[in-house]
Amino acid sequence: MNAPNPSLSAELGAMLHWWQLAGVDHDYTDDATDWLQDVAVADAGTNPAKRDGSAKTNAPRTPEVKSEKVVKRADLLGDSPPATLEEFRTWWLETPGLDTIGPRGRVAPRGLASPELMVLTIDPEQSDTDQLLGGVQGRLLSQMLRAMGIAEDATYFASALPRHTPMADTQSLASGGLDAVTLHHLKLVSPQKLVVFGSSILPLIGKDVSNSDKSLREINQDPRNVPLLMSEGLDSLMAMPRLKARFWRRWIEWSAE
């Protein structure tokens, strides 16, 4: 029995039917097409005024160059900055110009001066009200401190921002003067060691991600430099267990130095 010999049109029809059944009903190309070209250019061939050059022709468009946002720096600490941690907590909760929202909803840092360890996060947890890091991130941190052998009453808990602020532009905030607030806070705390959770805090402590690794290992403070350990944010540590193992390796190496 001879095999059927379909015509070319039948083969093309079968192929198109197959693609339709697969849900493919669009044509794609690698070449760019200007679908949004000006009507004035599109109908130039049909408009006599445009053919003879009497009408104004469209010049090639020049891409717009967006100017960088200029942030005005403010002296947030003022002429009489807080001189003690107690004064700083009051100032942190009550100063109107610290952020655009105002005092409502801010969360104070907690702990005593000259602690064995200071922990700095970018902002409070979303559920924090009366206590900083009082939610799931705080419970993870408590477990980490136990594993490190550091008591919570020997730890100072702080945030670089006074309220929960998702996707904060810390570079702009630092340029606006908040970096001076963070460094002044650190000076008042005067910890033996500092652990920072979240690389976005770097501009607020006067650091740059592009700096050498050595420059990210300490904070210049008078009269001494404070050893610094950088880590991913607590939220990232919760979401990715491998980051917890990475932090533990960094902590062991850092503590041995």
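What follows is calculated from the coordinates using simple rules that are stated; it is not laboratory data. These numbers were taken from a predicted model, which means no experiment stands behind them. Cβ coordinates were reconstructed from backbone atoms using ideal geometry, including for glycine residues, and neighbour counts include every protein chain displayed.
Annotations for the structure displayed:
- Cβ-based net charge around Arg163, under 14 Å, with every Lys or Arg adding one and every Asp or Glu removing one: -4
- Residues whose amide H comes within less than 5 Å of that of Glu218, counting only those at least five positions distant or on another chain, are Leu228 (H built at 1.01 Å from N in the peptide plane).
- The Stokes-Einstein estimate for segment 217-256, based on a Kirkwood radius over Cα pairs and taken at 25 °C with 0.890 mPa s viscosity, is a diffusion coefficient of 216 µm²/s.
- Size of segment 115-174 as Cα extents on the principal axes (Å, biggest first): 36, 23, 18
- Integer Hz, Karplus 6.51/-1.76/1.60 couplings in order for segment 240-252, x for Gly and Pro: 10, x, 4, 6, 5, 5, 5, 4, 4, 5, 4, 5, 4
- With θ taken as phi - 60° and the Karplus curve 6.51 cos²θ - 1.76 cosθ + 1.60 applied, the whole-hertz 3J(HN,Hα) list for segment 114-127 is 6, x, 5, 9, 10, 10, 10, 10, 5, 7, x, 5, 4, 8 Hz, x standing for glycine and proline.
- With a simple spin-label model that places each label point 7 Å from the Cα along the Cα-to-Cβ direction, the separation between Ala151 and Met167 comes to 4.4 nm.
- 3J(HN,Hα) along segment 192-201, derived from phi through the Karplus expression 6.51 cos²θ - 1.76 cosθ + 1.60 where θ = phi - 60°, amounts to 6, 9, 10, 10, 10, 9, x, 5, 5, 6 Hz, with x in place of Gly and Pro.
- Distance between the pseudo-spin-label points of Arg242 and Asp130 (7 Å out from Cα toward the beta carbon): 4.1 nm.
- Global geometry of segment 74-163, whether rounded, prolate or oblate, following the gyration tensor of its Cα atoms and the 1.5 cut on a/c: oblate
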